[in-house]
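The structure appears right after this line, and notes come after that.
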Amino acid sequence: MAAGLRPGRALLSRRRGALCALLRAARGLAARPETHFGFQNVTEAERREKIYQVFENVAEKYDVMNDSMSLGIHRVWKDILVHKMNPSPGTLLVDVAGGTGDIAFRFLNYVRSVRERQLQQKLRNHQNLSWQEISKSYQEEKSNPLGDSQVVVCDINKEMLKAGMQKAQHLGYSEGLSWVLGNAEELPFDDDKFDVYTIAFGIRNVTRIDLALQEAYRVLKPGGRFLCLEFSHVSNPLLSRLYDLYSFQVIPVLGEVIAGDWKSYQYLVESIRRFPPQEELKAMIEDAGFLKVDYQNLNSGIVAIHSGFKL
């Protein structure tokens, strides 16, 4: 009888072993938080790797594709962002996920223009000065056209930074501009360092948006401003249907034709649909500690600019 029980015990032992293995596997999955990559469910580590590969693949054609996908309207959106910022000479800006430098170059142009107007106003107010005094004052001011303003472009992707630095060299930007390899979720900067933090079309590619917002708050000075330009949710039902049709049927095709990369642009379209709507993002920004948070819809919510202050 005892001998007859041995096979049953062995079977029970095997079942217990299988159950333990299943529990260990379940614990392993629980230890790897799930998120999304477009419409796919992936782990956070997988998402980070996949997104890095997307921008590594598209870096060389990134600007051309932006023009093609948005019919050039992205340039207007970025102009509006910088005008909303309204930086003055002496402003220290960090542009996170700054990639190819579009926001940085606009910032430098804007500050240089403000500085030039200030100089002209100063000269008009001192018309009683001698020609020599006016000339000396003008030369001193012209030697510092940015008024000590600086912009730091921070991006996690080496290829995007490379494309940005090449573009800056081609366009003649060097003064007041620096490039830093860094992760939005763990910025390589001291606390209370910057006057303004911008992130344009980058935050939806961050795996942990909550960590990125906390980092934005940390590196801003008291009184500093957070500005986010990002694709959002369209409010007009008819426009929303047309926008979906264009996004899913046209943009991936453009990606294949121009950049030879259908999948990356399919992800970019899907990532927009998975991104939090305006009010939800506003609440997340407030949860990070920002005050006076609001947003401005552009083109019926195709994109939105969120703004908040560290007070």
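Just checking the listed ones, 156, 285, 73: in the Gaussian network model of the chain with Cα springs under 10 Å, the one fluctuating most is 73.
The distance between label points at residue 46 and residue 181 comes to 2.7 nm (points 7 Å beyond Cα on the Cα→Cβ vector).
Using a probe of 1.4 angstrom and keeping all protein chains present, the accessible surface of the range 37-103 works out to 43 square angstrom per residue. Fully extending the segment from residue 170 to residue 299, taken as 0.36 nm per residue of separation minus the present Cα-Cα distance, adds 43.3 nm.
Kirkwood analysis of the range 85-217, using all unique Cα-Cα pairs, places the hydrodynamic radius at 16.2 Å. Between residue 279 and residue 116, the simple label model (points 7 Å from Cα in the Cβ direction) yields a spacing of 4.5 nm. Of the complete DSSP H runs in the chain, those spanning 24 angstrom or more by Cα along the long axis with a mean Kyte-Doolittle score not below -1.0 are 2-30, 102-124. Measuring nothing but protein heavy atoms, the accessible surface of the chain at 1.4 Å probe radius is 53 percent carbon and sulfur. When Rg/Rh (Cα atoms, Kirkwood Rh) is computed from the coordinates, the matching label among [x] 1.08; [y] 1.15; [z] 0.94 is [y]. Inter-label distance, residue 192 to residue 133: 4.0 nm, where each label sits 7 Å from its Cα along the C-beta direction. The listed peptides 214-220, 83-89, 162-168, 102-108, ordered by packing as a protection proxy, come out as 102-108, 214-220, 162-168, 83-89 (highest mean of other Cβ atoms within 10 Å first). The GNM of the chain, with springs linking C-alpha atoms under 10 angstrom apart, assigns the highest mean-square fluctuation among 263, 78, 122 to 122.
The values are calculated or read from the model by the stated rules, or taken from the named source; none is laboratory data. Predicted model, so just to flag it, every value in this text is computed and none were measured. Glycine also receives a Cβ, built like all others from the backbone with ideal geometry; neighbour counts cover every protein chain displayed. Heads up: the accessible areas ignore ligands, DNA and RNA and are worked out on the full protein's heavy atoms, side chains in. Shrake-Rupley method; radii C 1.70, N 1.55, O 1.52, S 1.80 Å.
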